[in-house]
1. Test residue 81 against the stated conditions and say whether it is within 12 Å of the chain's Cα centre (by Cα) and either within 27 Å of residue 132 (Cα to Cα) or assigned to a helix (DSSP H, G or I) (or both).
2. What are the residue pairs meeting all of these: first residue in the range 146-163, first residue in contact (Cβ under 8 Å) with a residue 12 or more places away in the chain, second residue loosely packed, with under 11 Cβ neighbours inside 10 Å and assigned to a helix (DSSP H, G or I), Cβ atoms under 9 Å, and 6 or more apart or on different chains?
3. Name the residues in the range 127-170 that are touching a strand residue (DSSP E or B) at 6+ places or on another chain (Cβ under 6 Å) and outside any loop (DSSP other than H, G, I, E, B), would you?
4. Just to verify a result, which residue in the range 86-102, among those that are more than 24 Å from residue 182 (Cα to Cα) and over 11 Å from the mean Cα position of the chain (by Cα), is surrounded by the most Cβ atoms within 10 Å (Cβ to Cβ)?
5. Here are the criteria: (1) surrounded by 13 or more Cβ atoms within 10 Å (Cβ to Cβ); (2) under 16 Å from residue 143 (Cα atoms). Tell me which single one residue 172 does not satisfy.
6. Looking at the range 22-40, can you tell me whether even one residue there is modelled with pLDDT of 95 or more and under 28 Å from residue 129 (Cβ atoms)?
7. I'd like to know if the range 175-182 contains one or more residues that are free of Cβ contacts under 8 Å to residues at least 60 places away in the same chain, over 22 Å from residue 93 (Cα atoms), crowded, with 16+ Cβ neighbours inside 10 Å and out of contact with any strand residue (DSSP E or B) (no Cβ under 8 Å at 6 or more places or on another chain).
8. Could you tell me whether the range 204-223 includes any residue that is in contact with a helix residue (DSSP H, G or I) (Cβ under 8 Å, 6 or more places away or on another chain) and part of a helix (DSSP H, G or I)?
């Protein structure tokens, strides 16, 4: 696993008349996520509307749509998976999203999956961290509020420049998009094509924004297959 923990190691030393016992504390700040340890994946949901977020009948943002299903499928493949539950995601603020992502270790074996605003967030985060190396990155219907719609209340969330070479610091970046999605999504995809090299694109028809209502099911086998593809 890759979360911080501490272990106590007891050793017998200098046993004389009192038979003293020395306790040594071995601090392990983070276990590296390497081939010796469990791989990990971090899933980043998008921006819900405020009324959706506070609807008691809806699941939490990280448990909506296909996120629980995908998490389970990856865990069954021994890929430790978490979906971020970001505070007030309907009002995205970059420092808040960045803090939530950085609760987890990011290594060259970390898979990142972002949906909608979560995909746009990953583009910014990877663009602004040129020394970071991660694994496969999959952006599902990525969105960067390209028209700066004030109703989306993104403030300076997307005030950044895309890094043309960011794919070289990953195990590959793939964009999923559907031709019948909202125009702002298709415009974002066009901006990615224009500004980032070596991205792989998977075009779909009639998948909308890849939400539960669009797919008609919580299962998303095409995304799972992409996650597991060697």
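The values are calculated or read from the model by the stated rules, or taken from the named source; none is laboratory data. Predicted, not measured: the structure shown is a model, and the values here were computed from it. Because the Cβ atoms are built from the backbone with ideal geometry, glycine has one as well, and the counts that use them run over all protein chains shown.
1. yes
2. Close Cβ pairs (under 9 Å, with a partner that is loosely packed, with under 11 Cβ neighbours inside 10 Å and assigned to a helix (DSSP H, G or I)) amount to 147/183; 162/194.
3. Matches in the range 127-170: 137, 138, 139, 140, 167.
4. Quick first cut of the range 86-102, residues more than 24 Å from residue 182 (Cα to Cα) only: 87, 95-96, 98-102.
Now drop any that are not over 11 Å from the mean Cα position of the chain (by Cα), which leaves 87, 95-96, 99.
Working: 87: 10, 95: 9, 96: 15, 99: 12.
Once the filter is applied, the top-ranked residue is 96.
5. Just one mismatch for residue 172, condition (2).
6. We begin by selecting, within the range 22-40, every residue modelled with pLDDT of 95 or more; these are 40.
Subsequent filtering for residues that are under 28 Å from residue 129 (Cβ atoms) retains 40.
Yes, the range 22-40 has at least one match.
7. Step one: of the range 175-182, the residues free of Cβ contacts under 8 Å to residues at least 60 places away in the same chain are 175-182.
The next check asks that each one be over 22 Å from residue 93 (Cα atoms); those that pass are 175-182.
Retained after the next criterion (residues that are crowded, with 16+ Cβ neighbours inside 10 Å): 175-178, 181.
If we keep only those that are out of contact with any strand residue (DSSP E or B) (no Cβ under 8 Å at 6 or more places or on another chain) too, we end up with 181.
Yes; the residues of the range 175-182 include at least one that is free of Cβ contacts under 8 Å to residues at least 60 places away in the same chain, over 22 Å from residue 93 (Cα atoms), crowded, with 16+ Cβ neighbours inside 10 Å and out of contact with any strand residue (DSSP E or B) (no Cβ under 8 Å at 6 or more places or on another chain).
8. yes
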